[in-house]
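A short worksheet on the structure shown next.
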Amino acid sequence: MTPNGKGLAVVTGASRGIGAAIARQLFEEDHAVLAIARHFETGALPDGVRKLSLDLDRPDSPAGIAAEVARLEMPISVLVNNAAIQRPVDLTQPFDAQRRADIEAELRLNLLVPIALTNALLDRMQRPGGTIAMVTSLVALHPKPSAPVYSASKAGLASFTASLRQQMRPLGLRVMELVPPVVETGMTEGRGGNKMRPEALALAVAEGLAAGREVVAPGLSRKVRLLNRAAPGVVAQVLARH
Ligand SMILES: NC(=O)c1ccc[n+]([C@@H]2O[C@H](COP(=O)([O-])OP(=O)(O)OC[C@H]3O[C@@H](n4cnc5c(N)ncnc54)[C@H](OP(=O)(O)O)[C@@H]3O)[C@@H](O)[C@H]2O)c1
């Protein structure tokens, strides 16, 4: 535990974008923070944040992270499974070996890694009261046609999150689904305006953690999810254009 009893926040994909903003926010709120990514640029995170540089696509990465957490001797108060990639996939073209390898890597990072890492860190979660957060997307509701593998991975992750929530409840662990709207990060570079700042999303995450929310869907995400209940066809058409 940190002196104020906050415990350790483990955030994957925390070198930039949404993950870095969440890591900064939780560090500001006196969590100890373990940030995970392949490359960290100087100055992206405060000095006190612990940085673990590793490729989550390596099969031994969950065990490596569990070993680092054991070394820190602190219970995990928050695990944020955030790292993901999004690639365009043209399904009209035959897959060569490289394309198939890319698709497998996208599915591994976006879907299998959060599942495996959650399992590897389960014994280290603070009980009761720890939170496992999964970062999904509005494309879990309706796919983005140009990113079918990404969309399928996020729909799969949203489904997994719902099962996980049920299985974790008897252990006293919360499971939060974070559904960002379009956020200004490298992933959305070149896309139209009206993007949320990563810092605003991180603040919503912190508020959701404090309130014990099961779903955090700030800004446009909340409106889209509400509209989707009444008019899913309209939402599908709108999302297909983004
Ligand atoms: N941006 C949006 O509008 C939006 C909307 C909905 C959902 N999301 C979701 O939000 C999450 C964060 O997205 P973002 O926009 O912040 O993405 P981003 O800016 O592209 O950042 C992705 C992060 O993942 C890390 N990463 C990628 N491959 C990795 C690997 N093999 N091993 C370890 N780390 C790896 C990257 O660090 P390194 O390259 O240094 O490894 C980076 O820190 C994702 O789950 C995304 O699907 C984003």
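Here the spin labels are modelled as points 7 Å beyond Cα on the Cα-Cβ line, and at residue 229 and residue 39 they lie 4.4 nm apart. Label-to-label distance for residue 107 and residue 70 is 3.1 nm, based on points extended 7 Å past Cα in the beta-carbon direction. When only Cα pairs below 8 angstrom with a gap of at least 6 residues are kept, segment 1-109 shows a relative contact order of 30 percent.
For residue 178, the residues 5 or more places off, or on other chains, whose built amide H falls under 5 Å of its own are 134, 135, 136, 216. A 1.4 Å probe run over the protein chains yields, for the chain, 50 Å² of accessible area per residue, whole-number rounding. Ranking 43, 10, 130 by how far each Cα lies toward the positive end of the dipole of the chain (charges on Cβ) leaves 130 at the top.
Packing, as the average of other Cβ atoms within 10 Å across residues, places the peptides 97-110, 200-213 in the order 200-213, 97-110, highest first.
Sorting the segments 173-182, 49-58 by their mean number of nearby beta carbons within 10 angstrom, highest to lowest, gives 173-182, 49-58. Site pair residue 220 and residue 53 shows an inter-label distance of 3.5 nm when each label is modelled 7 Å from Cα along Cα→Cβ.
Accessible area ranking (1.4 Å probe, heavy atoms, ligands and nucleic acids excluded), largest first, for 195, 223: 223, 195. Every helix of 4 or more DSSP H residues in the chain counts as -39500 (n - 2.57), and over all residues that averages to -13000 deg cm²/dmol at 222 nm. Note on exposure: 91, 227 ranked by accessible area (1.4 Å probe, complete protein assembly) read 91, 227, with the most exposed listed first.
Rounded to whole numbers, the Karplus 3J(HN,Hα) couplings from phi for segment 134-151 are 10, 9, 9, 5, 5, 5, 6, 6, 9, x, 8, x, 6, 10, x, 6, 4, 4 Hz, using 6.51 cos²θ - 1.76 cosθ + 1.60 with θ = phi - 60°, and x at Gly and Pro.
Mean sequence separation of contacting Cα pairs (under 8 Å, at least six apart), scaled by the length of the chain, corresponds to a relative contact order of 19 percent. With contacts taken as Cα pairs under 8 Å and at least 6 residues apart, segment 172-242 reaches a relative contact order of 35 percent. The convex hull around the C-alpha trace of segment 189-236, projected and averaged over every direction, spans 4.4 square nanometres. Annotation: amide H of residue 183 within the under-5 Å range of 196, sequence separation 5 or more or interchain, hydrogens built in the peptide plane.
Annotation: amide H-H contacts under 5 Å for residue 10 (H modelled 1.01 Å from N, sequence separation of 5 or more, or interchain): 34, 78, 79, 80.
Per-residue Karplus couplings for segment 188-201, computed as 6.51 cos²θ - 1.76 cosθ + 1.60 with θ equal to phi - 60°, are listed in order as 10, 4, x, 8, x, x, 6, 9, 6, 6, x, 5, 5, 5 Hz, Gly and Pro entered as x.
Using alpha carbon centroids, what distance separates segment 155-219 and segment 82-100, in Å? The two parts, judged by their Cα centres, are 24 Å apart. When the pairs 154/223; 6/144; 51/223; 6/195; 6/51 are compared against a 28 Å limit on Cα-Cα distance, 6/144; 51/223; 6/195 fall above it. Counting every pair of alpha carbons in the chain, the share spaced more than 21 Å apart comes to 56 percent.
In order along segment 71-84, phi translates into HN-Hα couplings of 5, 6, 6, 9, x, 7, 7, 9, 10, 10, 7, 10, 4, 6 Hz, rounded to whole numbers, per the Karplus curve 6.51 cos²θ - 1.76 cosθ + 1.60 with θ = phi - 60° and x for Gly and Pro. List the residues of segment 210-224 whose backbone N lies under 18 Å from a point placed 7 Å from the Cα of residue 2 along the Cα-to-Cβ direction. Answer for this model: 210-212.
The values are calculated or read from the model by the stated rules, or taken from the named source; none is laboratory data. Model, not experiment: these values are computed from the prediction. Note that we place each Cβ from the backbone using ideal geometry, even for glycine, and neighbour counts take in every protein chain shown. Areas reflect the complete protein model, heavy atoms only, side chains present, ligands, DNA and RNA absent. Shrake-Rupley method; radii C 1.70, N 1.55, O 1.52, S 1.80 Å.
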